[in-house]
Each structure stands twice: as C-alpha cells, then as structure tokens.
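Taking it in order: structure first as structure tokens, then the write-up.
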Amino acid sequence: MLGGAPGPPKPGKDSDEFGPNFGEAVVVLREDLPLLFVQEMRFHIYREDVTFRTPSLRYLSGLWKYRLLARGARWLGRLLYSDMSCNVQRMWQPPGNRRQLRVRWSVSGVPRVPLLAGDQALSTEVISTYTFDSQGKIYEHQVDQIIPPESPLVKTLEWLMARLQPGASLQPQLPIPGMPRGY
C-alpha cells in the first residue's frame, strides 16, 4: 500500500528509532549515573512499564516506582553517607546482543555513623544490564552483581524496594505466622 502509515515493527526487528534512542540512552546513563546522589535523573529513556530486578530476586515494575527508588536512593545516600559518589567504570554491549547495554559502576561514601566503618569510605561495585525494546527504550534494568553483596547501602535499597512493592519476589515466600504480608 503506497503512502500508508507503516505498521508496527515485526517481532525481533528494530524500528528506525532504535539507533537514535539507544545512542541517547547511552549518553544519558553516562551523564546521569555519576550524578545519582546529586540531582534527579532523566527518565525519558525508559518505558512506562520498566522493570528493575536485583540479584536477591526482588523486583519492581513501573516508571513511577523506578523514579521513587532513584529518589529514595539519593535521599538515603545523603542521609546515611557523606561524600557520596557514583562513577561509571565501563559500558559495553555484550557480543551478539545489540539490545543490551552492560554498565559497571561504583558507589562510595563515608558513613555518617562511625560504627559502620569509622571514617573510611565504603565502596560497592555494581554490574547492571539494561535491556532495550525495538524502539530503543529501556524496559528492564537488571542488577547482575553487587560487590560486596552485603553492603549497608545495598541492604537499605532492598528495604526501600520491599516498601515500594511488597511481596514482589520471583520466588514464592512462605508466610510467617503473625507477620503482615510482604515482610
């Protein structure tokens, strides 16, 4: 049909917007992640139904909750740590998968409560995978690895995620008698 509007991209095919949107997402992540604890991130690179997953199999879905998580991380980071910083160490595309972007980044800060580490900075490294749809928008942010996995910042974020989406676990959890659901 000549002059008609093009249909939706075929499954597995990237739309014309994929390249520009993917490129913009790379730039935004490279610029925004180092400022995670300083200012609001830009969220136009994510789909409304974005899903965030952690190695503990917790997840939350929806851009609104993802934004709250980012704000909560910034607020808790400022509350619990001084000299917070986030550094992107490396960004790469896994071979053979142009719809994914892997990012290795680190977060460090000096705990405001000296019992955690004295006056020494604590540091956590994170490897994340961002997965893109055919339009070049991020539909999943998977945290693949956290080093060390038991850092106080990670535990605090896990607690926040549990409050944003109670019971959102990929594995069924047995109820504890007498405890409210989601704890």
Pulled fully out, how much extra length does the chain show between Leu79 and Glu24, if you take 0.36 nm times their separation in residues and subtract their Cα-Cα distance? 16.7 nm
Using the Kirkwood radius over Cα pairs of the range 18-164, the Stokes-Einstein translational diffusion coefficient at 4 °C and 1.567 mPa s, in µm²/s and rounded to a whole number, is 83
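Which of Met91, Met161 comes first, and how do the rest follow, when ranked by fewest Cβ neighbours within 10 Å?
Numbers: Met91 15, Met161 23.
Going from least to most buried by this count: Met91, Met161.
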Ranked list, fewest to most other Cβ atoms within 10 Å of each Cβ, for His141, His44: His44, His141
Give, in nm to one decimal, the length gained when the segment between Glu31 and Gln145 is fully stretched (0.36 nm per residue of separation minus the Cα-Cα distance). 38.9 nm
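Throughout, read-outs are computed from the coordinates displayed, never taken from laboratory work. Just so it is clear, the structure is predicted and the values come from calculations on it, not from any experiment. Methodologically, a virtual Cβ is constructed for each residue, glycine included, from the backbone with ideal geometry; neighbour enumeration extends over all protein chains shown.
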